[in-house]
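Shown next, in structure tokens, is the structure this report addresses.
The values are calculated or read from the model by the stated rules, or taken from the named source; none is laboratory data. These numbers were taken from a predicted model, which means no experiment stands behind them. Cβ atoms come from the backbone with ideal geometry, glycine included; neighbour counts cover every protein chain shown.
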Amino acid sequence: MYDHSVSSSLITPMQPQPATTRQNFQCDRNTNTRIRELLRFYGLRTSLIRLKVIDALLVATKEERSVGVHGVHAYLGTLAAELSFISVREVLKRLCEEGVIHFQDKSYSFTAEARALLKLHSEVKGV
């Protein structure tokens, strides 16, 4: 009934995760929760590409740098996310239309309202 011919060397037991990995997971989970709440506030559905694009904008904001479509796409490429440039551009365009972000000087940033919802003002300033 079952094929037991699979080598036991291919099956590895789960290793305990280091505390830093658990903390990173918890941080990612909290970030995703805040992003979902933000999208819900603006009446947008949660999708994987929106989560990733907004996360890229959050990282840029925390690093106090501006980012354009190419920067967001490049960041997502480093995460092994196979998203097309056009898809990223369309998500950014839709987020602009809904008032989540604004486009100025060829870069995107969160609106004041979105920053408040994400509680970015205290994180960026370190308060």
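Name every residue in the range 91-112 that is part of a helix (DSSP H, G or I) and at pLDDT below 95, in order of residue number.
Selection gives 112 alone.
None of 72, 53, 88 is surrounded by 14 or more Cβ atoms within 10 Å (Cβ to Cβ), touching a His at 6+ places or on another chain (Cβ under 8 Å) and in contact (Cβ under 8 Å) with a residue 24 or more places away in the chain except 88.
Yes or no: residue 117 part of a loop (DSSP other than H, G, I, E, B), touching a Leu at 6+ places or on another chain (Cβ under 7 Å) and either surrounded by 14 or more Cβ atoms within 10 Å (Cβ to Cβ) or modelled with pLDDT under 90 (or both)?
No.
Consider residue 47 carefully, then state whether it is among the polar types (S, T, N, Q), surrounded by fewer than 14 Cβ atoms within 10 Å (Cβ to Cβ) and either within 18 Å of residue 31 (Cβ to Cβ) or in contact with an Asp or Glu (Cβ under 7 Å, 6 or more places away or on another chain) (or both). Against the criterion (among the polar types (S, T, N, Q), surrounded by fewer than 14 Cβ atoms within 10 Å (Cβ to Cβ) and either within 18 Å of residue 31 (Cβ to Cβ) or in contact with an Asp or Glu (Cβ under 7 Å, 6 or more places away or on another chain) (or both)), residue 47 qualifies.
Scanning the range 35-89 for residues that are at pLDDT 95 or above, part of a loop (DSSP other than H, G, I, E, B) and more than 19 Å from residue 118 (Cβ to Cβ) yields a single hit, 68.
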